[in-house]
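Please read the structure below before turning to the comments.
The values are calculated or read from the model by the stated rules, or taken from the named source; none is laboratory data. Here the structure is a predicted model, which is why all the values come from computation and not from measurement. Here the Cβ positions follow ideal geometry from the backbone for every residue, glycine too, while neighbour counts run over all protein chains shown. Only protein heavy atoms, including side chains, enter the accessible area calculation; ligands, DNA and RNA are left aside. Shrake-Rupley method; radii C 1.70, N 1.55, O 1.52, S 1.80 Å.
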Amino acid sequence: MKKWLAAVVLWSLGGLGLAQTVTVGLDADPPNLDPLLSSALVDRQVQNQIYDKLVDLDENLRIVPMLATSWRVEEDGKVYVFNLRQGVKFHDGTDFNAEAVKFNLDRYRSAPGSRRSGELSLITNVQVVNPYTVRVTLREPFAPFLAILSDRSGMMVSPTAVQRLGAEFGNNPVGTGPFKFVERRRQDRIVLARNENYWQRGLPRIEQLVYRPFPDDDVRVANLLSGAVSIITPVAAKDLAAIRNNPNLVVNNFPGIGYQGIWLNHTKGPFTNKALRQAFAATIDRDVVDRVVFLGTALPSNGPFPPGTLAHDKTIPVPKRDLALARQKLAEGGRPQGFSFTLTIAPGPVLAQLAQVYQAMAAEAGIQVRIEQVEFGTLLDRAAKLELEAVAVGWSGRPDPDGNIYDFVRCKAPNNYSGYCNPRVDNLLNRARTVRLPEARRDLYSQITKIIQEDLPYIYVYHPQTTIGVSRRLSGLPVIPDGILRFRSVSLGGQ
């Protein structure tokens, strides 16, 4: 109660102009603020305020300059030369320059535990041409390269801070972004302050940005309705009407570029058996999931690429529920009477409801699903170690299709939570990275989608929309389809 009252007081002071603060309600506490180690969407919500990237995305998912003011591509797509913004400093006073870019790209490529290594694996050399020009050489043409640099692999962290703090950097992040890190209280809040020396003149407009985790959808929307927070993401489908009916609030709702579903562990437990994976997958009714859990706001999925994106193939059907097939596969897998497994989920009523729907569907075929709820950061850690039989974790999506699949189903990829390995898929993935014609890339991704629909490292269930509940006092928030909120141009009414 005291924490809630404190948030209300903070919001009220902001309205009086005594503290120009925007408070954001998130669905989880960000596990990691170091881009090197990050693998969660909620991390990116905070990171995008602390760190600038070499390039960014606009409202139409086009690549636009950020810390790189321009670039050219040479040697048939194997060399990128970036011209860098001058006069930019990291929050600790370190100069941003070509040496800093080299440090960051080399760190992401080779540091132990890097989640970015797969994204940047084709880089063979990063060369400082002069203080504000850097030349990046690739082993072969790489179509997604600029899109990858618009996300965590392009985030520039302070070399000085990394060298000084070591493993503690993620708890004391330093970038060049519009907001500086102030403090963090785990499971309570992350506080950022305006970067008074930001390179973009006149920005940011607010003094303080506060992130608060509310895994419970009801608590999250209650904080928005009360005015304790200015914005929440995501919004549960059941709460959309309450926000729309409030004259002080508005809902921003737009198609996302990610997916949600279930990882199946190929290395231990019942899902080492392909037929049992296929049996469980055949029990899922995606249309029912959409209607019952998401009230018609989700899109049933046929794979990792949502409709409207480059690699989506509408000729590949969305798998339908087929209990006869499920029973047939159970017999093929030597378990005609069914089997049991544990599905691990993060906290939250929607995830719990979704898991219960899966549980009820599977039970009709004799498959017993035990539901285990684990804190989100712990869940990701255990999933990465392949400790879980099945885990419900989705992906927020990337503008280039490579970002929705390469680091997930490739052998030993950093985000491969199934332990899946198929050399044919790896070959197709690598070919799709080097082809420049969109039609040729689409064909390769269609082949991959059909294979993984059969092998089932992951059951693609639905594509969520991005939903944001916002106070009408807040203005200047761009709507980018990657779902990341960018606050550098945001202001509050009366400021």
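A few notes on this one:
- Selected residue (criterion: nearest to Pro304 (Cα to Cα)) from residues of the stretch 394-432 that are β-branched (Val, Ile, Thr) and buried (at least 23 other Cβ atoms within 10 Å of the Cβ): Ile405
For every residue, the table says whether it meets (1) over 27 Å from the mean Cα position of the chain (by Cα); (2) modelled with pLDDT of 95 or more.
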{"residue": "Thr297", "(1), (2)": "no, no"}
{"residue": "Gly308", "(1), (2)": "no, no"}
{"residue": "Asp313", "(1), (2)": "no, yes"}
{"residue": "Ala326", "(1), (2)": "yes, yes"}
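- All positions within the stretch 122-140 that are farther than 16 Å from Ala98 by Cα and either among the polar types (S, T, N, Q) or surrounded by fewer than 17 Cβ atoms within 10 Å (Cβ to Cβ) (or both): Thr124, Arg139, Glu140
- Conditions (1) open to solvent by 20 Å² or more (accessible area, probe 1.4 Å); (2) touching a Leu at 6+ places or on another chain (Cβ under 7 Å); number of the one not met by Gln200: (2)
- Of the residues making up the stretch 98-110, those that are open to solvent by 40 Å² or more (accessible area, probe 1.4 Å), touching a strand residue (DSSP E or B) at 6+ places or on another chain (Cβ under 7 Å) and over 10 Å from Gln127 (Cα atoms) number 1.
- Test result for Ser121, in a loop (DSSP other than H, G, I, E, B), among the hydroxyl-bearing types (Ser, Thr, Tyr) and touching a residue at least 24 places away in the same chain (Cβ under 8 Å): no
- Condition check for Ser230: of a type in the set (Gly, Ala, Ser) and open to solvent by 10 Å² or more (accessible area, probe 1.4 Å): no
- Number of residues in the stretch 356-378 that are among the hydrophobic types (A, V, I, L, M, F, W, C), part of a helix (DSSP H, G or I), crowded, with 20+ Cβ neighbours inside 10 Å and over 20 Å from the mean Cα position of the chain (by Cα): the value is 2.
- When Gly93, Gly87 are checked against the criterion of being open to solvent by 60 Å² or more (accessible area, probe 1.4 Å) and not in a strand (DSSP E or B), a single residue qualifies: Gly87.
- Residue in the stretch 203-220 that is part of a helix (DSSP H, G or I), modelled with pLDDT of 95 or more and surrounded by 20 or more Cβ atoms within 10 Å (Cβ to Cβ) present: yes
- Contacts under 8 angstrom Cβ, first residue in the stretch 160-177 being over 12 Å from Leu36 (Cβ atoms) and open to solvent by 60 Å² or more (accessible area, probe 1.4 Å), partner among the charged types (D, E, K, R) and modelled with pLDDT under 95, 6 or more apart: none
- All positions within the stretch 311-332 that are open to solvent by 50 Å² or more (accessible area, probe 1.4 Å) and either over 18 Å from Val289 (Cβ atoms) or assigned to a helix (DSSP H, G or I) (or both): Lys314, Thr315, Ala324, Leu325, Arg327, Gln328, Ala331, Glu332
- Selection within the stretch 333-354 - in a loop (DSSP other than H, G, I, E, B) and surrounded by fewer than 15 Cβ atoms within 10 Å (Cβ to Cβ): Gly334, Pro336, Gln337
Okay, residues lined up against (1) in a helix (DSSP H, G or I); (2) more than 24 Å from Val470 (Cα to Cα):
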{"residue": "Ala241", "(1), (2)": "yes, no"}
{"residue": "Val250", "(1), (2)": "no, no"}
{"residue": "Gly261", "(1), (2)": "no, yes"}
{"residue": "His266", "(1), (2)": "no, yes"}
{"residue": "Phe280", "(1), (2)": "yes, yes"}
{"residue": "Val289", "(1), (2)": "yes, yes"}
{"residue": "Gly296", "(1), (2)": "no, no"}
{"residue": "Asn302", "(1), (2)": "no, yes"}
{"residue": "Gly308", "(1), (2)": "no, yes"}
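- One residue from Val479, Val490 being of a type in the set (A, V, I, L, M) and out of contact with any Asp or Glu (no Cβ under 7 Å at 6 or more places or on another chain): Val490
- Flag if Arg286 is touching a helix residue (DSSP H, G or I) at 6+ places or on another chain (Cβ under 7 Å), of a type in the set (Lys, Arg) and either open to solvent by less than 40 Å² (accessible area, probe 1.4 Å) or touching a residue at least 24 places away in the same chain (Cβ under 8 Å) (or both): no
- Exclusive hit being small (Gly, Ala, Ser) and at pLDDT below 95, set Ala143, Ala193: Ala143
- Which numbered condition Arg184 fails, given (1) in a loop (DSSP other than H, G, I, E, B); (2) open to solvent by less than 60 Å² (accessible area, probe 1.4 Å): (1)
- Test: residue in the stretch 263-274 that is surrounded by fewer than 20 Cβ atoms within 10 Å (Cβ to Cβ) and in contact with a His (Cβ under 8 Å, 6 or more places away or on another chain): yes
- Every pair of residues 6+ apart whose Cβ atoms lie under 6 Å, when the first sits in the stretch 411-433 and is at positive phi while the second is not hydrophobic (A, V, I, L, M, F, W, C): Gly419/His266; Gly419/Thr267
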